[in-house]
2 protein chains.
Amino acid sequence: MAQTPTTPVRLKDIARDLNVSVMTVSKVVRNCADVGAETRSRVMARIKELNYQPNWVARSLAARRTFIIGLIVPDLMHSFFAEIAKGVSATIRPLGYDMVICNSEENSENEASEVDRLLARQVDGLLIASAQQPGETELFSRIDARGVPFVLIDRRFSESSAPYVGADDEAIGRMATKHLLDRGCRRIAHIAGPQLAPGSGRLKGYRETLAAAGIKLPDACVEHAKDDDTGYEAASRLLKLTPRPDAIFGYNDPTAAGAMKAILEAGIKIPEEIKVIGVGNVHYSDLLRVPLSTIDQSSASIGEQAADILIKSIGGKRRRTVKPVLIDPVLIARESTR
Amino acid sequence: MAQTPTTPVRLKDIARDLNVSVMTVSKVVRNCADVGAETRSRVMARIKELNYQPNWVARSLAARRTFIIGLIVPDLMHSFFAEIAKGVSATIRPLGYDMVICNSEENSENEASEVDRLLARQVDGLLIASAQQPGETELFSRIDARGVPFVLIDRRFSESSAPYVGADDEAIGRMATKHLLDRGCRRIAHIAGPQLAPGSGRLKGYRETLAAAGIKLPDACVEHAKDDDTGYEAASRLLKLTPRPDAIFGYNDPTAAGAMKAILEAGIKIPEEIKVIGVGNVHYSDLLRVPLSTIDQSSASIGEQAADILIKSIGGKRRRTVKPVLIDPVLIARESTR
DNA sequence: CTGAAAGCGCTAACAC
DNA sequence: GTGTTAGCGCTTTCAG
């Protein structure tokens with residue numbers, strides 16, 4: 001069991017055994033073309049035999065490339081970010097990259113120090129769902145100055161020229177609201193999220209759609225949730241309005257689920273008396289007493305596409321400005337808006 | 001914005017500027033004691049001025065330590081593992097470690113290749129929620145042979161002498177079952193999970209507790225869920241038994257939530273006619289139509305303690321065998337077992 | 001096709 | 001206290 005640690009095999013060892021130079025072995029390992037067929041197979045044989053594994057730290061230092069990319073998210077527990085992480089990982093792994101994940105805890109200073117750590121580790125690129133204040137792009141300039149490519153995800157900063165990949169939040173807002181209109185609702189309340197890109201985009205889409213339909217609602221029809229857990233209270237307040245809303249659009253699923261809870265507790269029927277829709281298609285939406293209609297934002301796809309753009313700009317020249325990628329939302333209609 | 005990439009400052013640059021040796025600067029950076037007070041402050045000043053950041057790749061190569069630990073989980077989307085990851089991260093970050101996360105997709109070969117990658121990256125240690133077949137410990141021996149410390153989490157392999165940290169699954173099974181007994185239930189059905197450590201531990205605890213209470217139930221009272229999403233079907237089958245169960249214990253929350261859905265759809269009342277309990281305390285348990293009672297397994301704490309043991313065995317000598325750490329479960333009683 | 005020379009940026013060990 | 005000598009294990013560059 002606990003045998004004495006084995007010193008890993010090095011290029012040098014193989015070279016010595018075979019009476020060739022370290023260079024030759026290195027070339028075989030990296031699949032360079034300019035190696036004689038016979039030499040190559042002798043080397044390959046020995047490599048298998050000794051189960052040689054390149055030391056990536058040494059390789060990274062010499063090649064000035066780590067094949068590591070950094071991912072910074074505000075909170076891994078949020079299934080949205082976990083799914084992005086999964087999408088990123090699935091995209092980069094086959095290309096030989098690994099990913100180090102950092103949590104900023106939704107705090108801009110943590111984020112900055114994570115960025116510094118990652119840069120010190122010489123990551124080849126960065127993916128950031130940023131917790132910087134809107135408009136605050138000093139951190140991004142710093143990364144730029146280092147010449148390390150990065151892609152912003154989920155939270156957009158139009159002041160930075162960095163590529164951006166995220167859900168199309170305005171489209172989400174429009175889609176949810178339109179769906180509710182199509183179902184015959186007219187007094188559509190909204191529980192809005194924090195004033196970051198996603199929350200305000202969805203709110204904007206909601207307002208536009210109502211306006212386009214010629215519907216005017218009192219300001220009280222929009223509640224603001226600080227937090228994922230405040231859907232319940234927000235909905236409780238909305239239920240006291242007269243006339244009562246006939247629909248509630250929650251800026252994400254937890255909020256909408258909280259709203260559903262408040263509604264059902266008040267003895268009001270979903271979807272007959274109030275329809276409810278959320279955003280995110282979290283995996284339990286379907287398990288709620290009334291399965292929750294939702295807008296799917298294809299989180300995995302956000303991770304995949306962001307990773308894709310990043311990888312390309314790593315290999316490539318100075319990055320040409322990439323147009324923001326807005327992922328199209330998909331409506332998942334379930335019982336709560338039947 | 002897109003200014004030309006700046007070459008990072010090196011120890012050498014500072015040394016040259018100040019007419020001291022690279023070593024001296026290195027010592028200041030690492031806070032070694034043996035540096036003159038004045039020299040030190042001159043160096044420090046220049047470090048700030050130039051915003052010097054050590055190159056961790058070079059440092060890792062020279063010091064033969066990366067301060068990176070690898071975490072391998074079957075699925076990041078599972079909030080249980082995401083929470084573990086968060087706990088790990090929170091524990092190691094302040095100590096200067098970073099974490100690279102790999103997904104095995106619940107596949108033993110993926111896991112093995114991830115382990116190899118991580119070893120090639122010279123990680124200082126490994127945390128593994130393993131997808132190896134029960135009893136299959138060849139992979140672990142390989143890691144041992146390399147002398148890299150690792151800690152097993154969630155899935156236990158008693159054949160390996162590696163430290164283990166996980167929930168106390170038998171205690172979980174006992175606690176859930178006992179709670180149901182205390183509530184007056186007698187025909188307690190169980191939806192069991194896959195035959196890995198957690199699933200079978202919970203099943204065992206369930207059986208023991210029933211036996212201790214002198215209750216004998218037909219085999220049909222235990223259904224097996226392949227998958228998190230099969231709670232619904234499993235419960236549907238259980239509901240057809242006569243006499244009908246008066247309680248269902250799901251091996252995790254998604255399963256229990258699926259069961260709740262089936263029960264409510266059948267027009268049966270929770271908790272009056274059937275009580276339901278799950279495991280995991282996922283964050284939405286509370287949002288279900290009937291808030292779900294559950295056993296909390298303190299996932300973050302699993303990550304923290306595992307990371308703790310790992311870090312200690314990195315610094316330390318050959319590891320002394322560590323007793324398995326079983327985290328005590330906590331009962332969260334909600335409406336579904338009132 | 002093969003290999004020698006020259007590092008990558010940093011640290012360990014030991015002199016001075 | 002400070003600096004020297006040697007690398008860590010690999011790749012780049014460029015001769016042969």
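The values are calculated or read from the model by the stated rules, or taken from the named source; none is laboratory data. All values derive from a computational prediction rather than experimental measurement. When we count neighbours, we look across all protein chains shown, and the Cβ atoms used for this are built from the backbone with ideal geometry, even at glycine.
Structure summary
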{"quantity": "Filter result (more than 9 Å from chain B (Cβ to nearest Cβ) and surrounded by fewer than 24 Cβ atoms within 10 Å (Cβ to Cβ)) within the range A:81-91", "calculated": "A:Gly87, A:Thr91"}
{"quantity": "The listed residue being crowded, with 22+ Cβ neighbours inside 10 Å and of a type in the set (Lys, Arg), out of A:Arg155, A:Arg202, A:Arg146, A:Arg187", "calculated": "A:Arg202"}
{"quantity": "Among the residues listed as B:Arg121, B:Arg117, the single one being crowded, with 21+ Cβ neighbours inside 10 Å and basic (Lys, Arg)", "calculated": "B:Arg121"}
{"quantity": "Yes/no for A:Ala145 being within 12 Å of chain B (Cβ to nearest Cβ) and either outside any helix (DSSP H, G or I) or under 13 Å from the mean Cα position of the chain (by Cα) (or both)", "calculated": "no"}
{"quantity": "Residue in the range B:189-210 that is within 14 Å of chain A (Cβ to nearest Cβ), outside any strand (DSSP E or B) and over 17 Å from B:Ala306 (Cβ atoms) present", "calculated": "no"}
{"quantity": "Residue within the range B:92-101 that is in contact (Cβ under 8 Å) with a residue 40 or more places away in the chain, more than 9 Å from chain A (Cβ to nearest Cβ), crowded, with 22+ Cβ neighbours inside 10 Å and within 17 Å of the chain's Cα centre (by Cα) present", "calculated": "yes"}
{"quantity": "Residue ID - farthest from DNA strand D (Cβ to nearest atom), chosen from residues in the range B:52-76 that are free of Cβ contacts under 8 Å to residues at least 40 places away in the same chain and in a helix (DSSP H, G or I)", "calculated": "B:Trp56"}
{"quantity": "Restricting the range B:277-286 to residues that are crowded, with 21+ Cβ neighbours inside 10 Å and either farther than 23 Å from B:Gln195 by Cβ or hydroxyl-bearing (Ser, Thr, Tyr) (or both), the residue that is nearest to the other protein chains (Cβ to nearest Cβ)", "calculated": "B:Tyr284"}
{"quantity": "Residue count, the range A:65-77 (criterion: at the interface with another protein chain (Cβ under 9 Å from one of its Cβ atoms) and within 13 Å of DNA strand C (Cβ to nearest atom))", "calculated": "1"}
{"quantity": "Selection count, the range A:255-265, where residues are at the interface with another protein chain (Cβ under 9 Å from one of its Cβ atoms) and touching a residue at least 60 places away in the same chain (Cβ under 8 Å)", "calculated": "1"}
{"quantity": "Residue within the range B:9-30 that is within 30 Å of A:Pro163 (Cβ to Cβ) and more than 15 Å from DNA strand D (Cβ to nearest atom) present", "calculated": "yes"}
{"quantity": "Residue among B:Val100, B:Val35, B:Val88 that alone is at pLDDT 95 or above, over 30 Å from A:Ala145 (Cα atoms) and of a type in the set (Val, Ile, Thr)", "calculated": "B:Val88"}
{"quantity": "Subset of the range B:35-71 [touching a Leu at 6+ places or on another chain (Cβ under 7 Å) and among the charged types (D, E, K, R)]", "calculated": "B:Arg42, B:Arg46"}
{"quantity": "Number of the exception - B:Thr177 against (1) surrounded by fewer than 23 Cβ atoms within 10 Å (Cβ to Cβ); (2) modelled with pLDDT of 95 or more", "calculated": "(1)"}
{"quantity": "Given (1) of a type outside the set (Val, Ile, Thr); (2) facing chain A (nearest Cβ under 9 Å); (3) closer than 23 Å to B:Lys323 by Cα, index of the condition B:Pro163 fails", "calculated": "(2)"}
{"quantity": "Failed item, numbered, when A:Ser26 is tested on (1) more than 30 Å from B:Tyr284 (Cβ to Cβ); (2) within 12 Å of chain B (Cβ to nearest Cβ)", "calculated": "(2)"}
{"quantity": "Number of positions in the range A:19-42 that are aliphatic (A, V, I, L, M), assigned to a helix (DSSP H, G or I) and near DNA strand C (Cβ under 9 Å from one of its atoms)", "calculated": "5"}
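Let's see how each residue does on (1) on the phi < 0 side of the Ramachandran plot; (2) more than 14 Å from every other protein chain (Cβ to nearest Cβ):
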position	(1), (2)
B:Gly250	yes, no
B:Asp253	yes, no
B:Gly267	no, no
B:Ile274	yes, yes
B:Leu288	yes, no
B:Ile295	yes, yes
B:Ile314	yes, no
